[in-house]
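*Asks:* Following this message is one structure expressed as structure tokens.
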Amino acid sequence: MMTASEIRRQFLDFFEQKGHKIVPSVPIVVKNDPTLLFINAGMNPFKDIFLGNAPAQYSRIADTQKCLRVSGKHNDLEEVGVDTYHHTMFEMLGNWSFGDYFKEEAISYAWELLTEVYKLPKDRLYVTIFEGDAKENLAKDEESKEIWKKYIAEDRILLGNKKDNFWEMGDVGPCGPCTEIHFDSRNDAERARIDGKTLVNGDDPNVIEIWNNVFMEFNRKADKSLEHLPNKHVDTGMGFERLVRIIQSKTSNYDTDIFMPIIESVEKMCGKKYGFSDTKSDIAFRVIADHIRAISFTIADGQIPSNTGAGYVIRRILRRAVRYGYSFLDFQTPFMHQLVSLLANQFSDVFPELTAQKDYLSQVIREEENSFFATLSKGIKIFNDLTANHEKSISGKDAFTLYDTYGFPFDLTQLMAQEAGIMVDEAAFEKELQIQKDRSKNATKLETEDWEIINPELDGKATQFIGYTDFESNASIVKIRKVVAKNQSFYQIVLDKTPFYAESGGQVGDSGELILGNQKIYIYNTVKENDTIFHLTKEIEIADLKENFTAQINKTKRSLTTKNHSATHLLQASLRNVLGAHVEQKGSLVNEKLLRFDFSHFAKLTDEEIQKLESMVNAKIQAQIDLKEEQNIPIDEAKSRGVMALFGEKYGEFVRVITFDAAFSQELCGGTHVKNTGEIEYFKIISESSISAGVRRIEAITSQAVLEFYQGKEAQLEEIALAMKNPQKLLPAIQNLMQETAQQRKTIEQYEKYIVNAEVQKISSSLSTPMGAMISLGDFSSEIVKNIATQLRSKHNDVAIALVYEEKEKMKVAIAISDAIQSSESLMANQIAKELGQAFHGGGGGQPSFSVVTLEMSTSKEALSKKWLELVQK
Ligand code: SER
């Protein structure tokens, strides 16, 4: 049997022989595109090439791309595990032509690979072509049909509608008609009984699409119209897991050597058997085998599970798996993290990012599991309270609270309700869910208008970034568009060339101005969407945008940011020196105020480690090391030189290497840097904390900010010295003061004891009627009164006494009742306190033996005494 690894290899080899450049998968977590959280199709990384915004380095490429379809337009989550051929994370094998070959070659390559290399039986294959769409004014794809006729019988070429055979990336963006290849894996008897072509695109688990060839010709605009792309391209996507399944003659993707090792491992862990069926426990096996991949790959690419955005999606996937394991495989404690090692080994040749971060991944996953198990048990308690009160059903609102506040999945609520013999109002739950979805959709809604092209002759070329060397340049506006987000609008401006650095690699975007004579457009930020640089502004009041502008950045902000960025490199290298080579960057922020660096490490940093880090970075600053900046280094060369690269970062084939002392710090980086480390001046760590399991965060400052930091500390010291009346030596003066205070506290305690004893004696000797005495003490602290009461209670086993005193302008009544009286007379101090409070508009409470009521000073003592007697002698 051909293994999955061999099948993947053959795909890439085949296209390499056909002149394709094989490129690595980009990270599954998307950083520079607000329209996507995760890569959901092999073509995402090439969107700008299709649209003509960026040039293609190679006209033919092929790859296997990690994809995740759990949010947005392409969302398969609910199917996963329930059926046998959808996945959260999957590999998409793809070949691309950027303005090179089109339908003829694409179809012939696909056919050759499937039938001659993989030797799939031709009589099990069907193809579909686009039937056209009158409303969109799109013609039937006759050309593809004619080409297919050379390879496959005409009655196996089926027509497909816009939904199935016109592929669109999202609401806007590149799109085009597609031709799909389907495979019929039913047995001969079934095939004889029902003609396979009637089952194509009919959700039959055994007649499935394996390969989609999209002919990218159009761009879907925001106004919904289609425009022709500058060139015609091919985008193909073949689901790797499905391909392996049919080559390995299995009826489910999960039965292949991609998933079975994980399923077998889960079998061992839970002591149950996978039954190759549709039972809940089999679904659980599949859900776990699928989800561990999605979770591991996304965390490895830098996404930590969290409460928002992409992190929340990961958290939900993990919870879905844990819940299935808990409900149907009887897992009571974390188990998912134990699968990481196996998964990492399985992918070590294609996706080494798992092996390299094995321990980190399993720690993060275990922590997530731990907290979800805790949430589950909290949820179960709430559920039990609910069912105790709801006799017949659980309301949609309650089910939603369980879901939303306690992370308690709806089907678990439903399952437990079933077991308890009650109903859950599903429709009402769905309604609540929809309200929440709409709310969050509106909060993140982004309406983008179509581009207004200002200088058409400049359109279609990538913006030239000159900001490594220049802070100012002349520039022309290529195009502008308006974006409305959260009811606020702004404009994105694309220039032909720019000194503005666009936010990336943790470094904030530049701000500045576009100047035309005495008119200005204020740029408040610069961001990137894939490779296009957007200058953001709130207002454009200039009429003639076609003119040549001067683009000028805020130099102070840039210079401070640059120092912080270079210091981040020195810090990262120092961390690896001081803590060890396991330190991996897990996030960073560099702005004009500070640098923030997140990294994998398993313990809190000691004071000594922090000092070592500060000394090491400052030593490198003092050594005045020159920057070595290398552009266009082949990525393989950089990696073999040991240059630090990040997991989860998308690198091109040629990279920029930033070096400060080759033996110390070499990083792949697109950010801006000081020419010499001396420019950083000083470095100081201002905080160290944990942000999640296995990830620590350091915040630090450089240059003038360090001076200001110490000036602030000095001012604080001066204030303290002033408060201490400027002693010659501050520390001994403070120590003396503390000693003195401790001594005085002791003396006060002694006096208090003396006072308490004297009072107790005085009261005891005057007590003729311990039952019901009310004694006025005068000005006393509650603490002393409590001590007096305690002693009275221990001296006399027959007291029920009220001590009236004054504290902080209030009248207070302390009631002490000895244990014997509490039971013989049924008198409780807290009960009496409550009643006195009610009678005299006060409040208070305490224990049956001792309680205090607080009253206004104006309260009549006579009335109080009368009421007290009434209550005691009742
Ligand atoms: N973009 C197409 C798809 O995702 C083909 O790669 O199916």
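*Asks:* Roughly how many Å is it from the Cα centre of region 185-256 to that of region 163-179, as a whole number?
*Replies:* 14
*Asks:* If Lys and Arg each add +1 and Asp and Glu each add -1, what is the summed charge of the other residues whose beta carbon sits under 11 Å from the beta carbon of I49?
*Replies:* -2
*Asks:* Let me ask something else. Stretch Y524-D798 to full length: gain in nm at 0.36 nm per residue minus the Cα-Cα span?
*Replies:* Details: separation 274, 0.36 × 274 = 98.64 nm, distance 7.87 nm.
Extra length available between Y524 and D798 comes to 90.8 nm.
*Asks:* For F240, F647, give the ranking by accessible area with the largest first, probe 1.4 Å.
*Replies:* F647, F240
*Asks:* Which far-off residues, 5 or more places away or on another chain, put their amide H under 5 Å from the one on V478, with H placed in the peptide plane?
*Replies:* V494, L495, D496
*Asks:* Ordering T562, T405, T448 by how much accessible area each has at a 1.4 Å probe, largest first, what is the list?
*Replies:* Ranked list, largest accessible area first: T405, T448, T562.
*Asks:* Right, here's the next one. Would you mind counting up the charge near P121? Only other residues with Cβ under 13 Å from its Cβ, with Lys and Arg at +1 and Asp and Glu at -1. Don't skip to the answer; put the middle values down first.
*Replies:* Values: positive: K119, K122, R124, R156, R186, R191; negative: E116, D123, D184, D188.
Counting the neighbours of P121, the net charge comes to +2.
*Asks:* On the protein heavy atoms, probe 1.4 angstrom, tell me the percent of accessible surface of region 591-697 carried by carbon and sulfur.
*Replies:* C and S fraction of accessible area: 48 percent.
*Asks:* With +1 on each Lys and Arg Cβ and -1 on each Asp and Glu Cβ, and nothing else charged, work out how big the dipole of region 121-219 is about its Cα centre, in Debye to the nearest 20. Could you put the intermediate results ahead of the total?
*Replies:* Numbers: 14 positive and 22 negative charges, 63 e Å.
Using Cβ point charges on Lys, Arg, Asp and Glu, region 121-219 gives about 300 debye.
*Asks:* When the Karplus curve 6.51 cos²θ - 1.76 cosθ + 1.60 is applied with θ = phi - 60°, which whole-Hz ³J(HN,Hα) does each residue of region 315-329 get, with x for Gly and Pro?
*Replies:* For region 315-329, the Karplus-derived couplings read 4, 5, 5, 4, 5, 4, 5, 4, 5, 4, x, 5, 6, 10, 10 Hz, x marking Gly and Pro.
*Asks:* Taking 0.36 nm per residue of sequence separation and subtracting the Cα-Cα distance, how much length would be gained by fully extending the chain between D133 and K437, in nm to one decimal?
*Replies:* 106.2 nm
*Asks:* Residues of region 670-710: accessible area per residue at 1.4 Å, in Å²?
*Replies:* 38
*Asks:* Using a Förster distance of 22 angstrom, determine the FRET efficiency expected from the C-beta separation of R193 and S277, and round it to 0.05.
*Replies:* On the way: r = 22 Å, r/R0 = 1.01.
The calculated FRET efficiency here is 0.50.
*Asks:* A further question on this structure: On a C-alpha basis, how far is the centre of region 527-594 from the centre of region 1-45 in Å? Whole number, if you could?
*Replies:* About 30 Å separates the Cα centre of region 527-594 from the one of region 1-45.
*Asks:* Contact order normalised by length for region 492-639, with contacts defined as Cα pairs under 8 Å and 6 or more residues apart; what percent is it?
*Replies:* On the way: 203 pairs, mean separation 28.2, N = 148.
For region 492-639, the relative contact order is 19 percent.
*Asks:* Okay, moving on. For an R0 of 25 angstrom, estimate the FRET efficiency from the Cβ-Cβ distance between S348 and K21 and round to the nearest 0.05.
*Replies:* Once the sixth-power term is evaluated, E becomes 0.60.
*Asks:* Express in Å², to the nearest 10, the accessible area of R366 obtained by rolling a 1.4 Å probe over the protein heavy atoms while all chains stay in place.
*Replies:* Accessible area of R366: about 90 Å².
*Asks:* Is region 16-118 best put as rounded, prolate or oblate by its Cα gyration tensor, with a ≥ b ≥ c the root eigenvalues, rounded for a/c under 1.5, and otherwise prolate when a/b is larger than b/c, oblate when not? Can you show the working numbers first?
*Replies:* Details: a/c = 2.30, a/b = 1.25, b/c = 1.84.
Oblate, since a/c reaches 1.5 and b/c is not below a/b.
*Asks:* Just how much of E835 is accessible, in Å², when a 1.4 Å probe is used and the result is rounded to the nearest 10?
*Replies:* Spelled out: E835, probe radius 1.4 Å, area about 70 Å².
*Asks:* Restricting the count to DSSP beta bridges whose residues both fall in region 24-170, what percent are antiparallel, rounded to a multiple of 5? Before the final figure, lay out each step's value.
*Replies:* Values: 13 of 18 bridges.
Just about 70 percent of them are antiparallel.
*Asks:* Now a separate question. For the residue pair A427 and N577, what label-to-label distance in nm results when each label sits 7 Å from Cα along the Cα-to-beta-carbon direction?
*Replies:* Reported label-point gap for A427 and N577 is 6.9 nm.
*Asks:* Same structure, new question: To the nearest 10 square angstrom, how much accessible area does Y710 have with a 1.4 angstrom probe?
*Replies:* My reading of the accessible area for Y710 is about 120 Å².
*Asks:* In whole Å, how far is the Cα centre of region 847-874 from that of region 451-493?
*Replies:* Result: 79 Å between the Cα centres.
*Asks:* Provide the net charge surrounding A700, with neighbours chosen by a C-beta distance below 12 Å and charges set as Lys +1, Arg +1, Asp -1, Glu -1.
*Replies:* Every neighbour counted, the sum reads +2.
*Asks:* Next up: Given a Förster radius of 41 Å and the C-beta distance between I466 and Q716 as r, what FRET efficiency does 1/(1 + (r/R0)^6) yield to the nearest 0.05?
*Replies:* It comes to 0.40.
*Asks:* Could you work out the helix-only [θ] at 222 nm for the chain, with each DSSP H run of four or more residues adding -39,500 (n - 2.57) and the total divided by the number of residues, to the nearest 500 deg cm²/dmol? Provide the component values of the computation, followed by the final result.
*Replies:* Details: 25 runs with 336 residues, N = 874.
-12500 deg cm²/dmol, from helical runs alone.
*Asks:* Here's a follow-up. Considering only F218, A551, Q418, whose Cα is most displaced toward the positive end of the charge dipole of the chain, charges sitting on Cβ of Lys, Arg (+1) and Asp, Glu (-1)?
*Replies:* Of the candidates, Q418 comes out farthest on the positive side.
*Asks:* Relative to the Cα centre, what is the charge dipole magnitude of the chain, using +1 at the beta carbon of each Lys and Arg, -1 at the beta carbon of each Asp and Glu, and rounding to the nearest 20 debye?
*Replies:* 2080
*Asks:* Here's a follow-up. If the chain between D203 and T308 were fully stretched, how many nm would it gain, using 0.36 nm times the residue separation less the Cα-Cα distance?
*Replies:* Taking D203 through T308 to full extension adds about 34.5 nm, to one decimal.
*Asks:* In what sequence, largest accessible area first, do D510, D278, D544 appear using a 1.4 Å probe? Could you put the intermediate results ahead of the total?
*Replies:* Details: D510 5, D278 115, D544 70 Å².
Listed by decreasing accessible area, they come as D278, D544, D510.
*Asks:* Give the whole-number value, in cubic angstrom per residue, of the convex hull volume spanned by the C-alpha atoms of the chain.
*Replies:* Hull volume normalised by residue count: 259 Å³.
*Asks:* I'd like to know which of F500, L342, A705 lies farthest towards the positive end of the charge dipole of the chain, counting +1 on Cβ of Lys and Arg and -1 on Cβ of Asp and Glu.
*Replies:* The residue sitting most towards the positive pole is A705.
*Asks:* Would you please put 173-179, 717-723, 486-492, 595-601 in order of how densely packed they are, using the mean number of other Cβ atoms within 10 angstrom per residue and starting with the highest?
*Replies:* Packing order, densest peptide first, comes out as 173-179, 595-601, 486-492, 717-723.
*Asks:* Once label points are set 7 Å from the Cα along Cα→Cβ at both K612 and Q838, what is their separation, rounded to one decimal in nm?
*Replies:* Label-label distance for K612 and Q838, simple model: 6.8 nm.
*Asks:* Per residue of region 509-518, what does 6.51 cos²θ - 1.76 cosθ + 1.60 with θ = phi - 60° give for ³J(HN,Hα)? Whole Hz please, x for Gly and Pro, Karplus curve as stated.
*Replies:* Listing the rounded values in order: x, 6, 10, x, 9, 9, 10, 9, x, 9 Hz.
*Asks:* Oh, and also: Sorted by mean Cβ packing within 10 Å, highest first, what order do the peptides 825-832, 337-344 take?
*Replies:* Output ranking for 825-832, 337-344: 337-344, 825-832.
The values are calculated or read from the model by the stated rules, or taken from the named source; none is laboratory data. Given the structure is predicted, the values throughout are model-derived calculations rather than measurements. Virtual Cβ from ideal backbone geometry, glycine too; neighbours counted across all protein chains shown. Areas reflect the complete protein model, heavy atoms only, side chains present, ligands, DNA and RNA absent. Shrake-Rupley method; radii C 1.70, N 1.55, O 1.52, S 1.80 Å.
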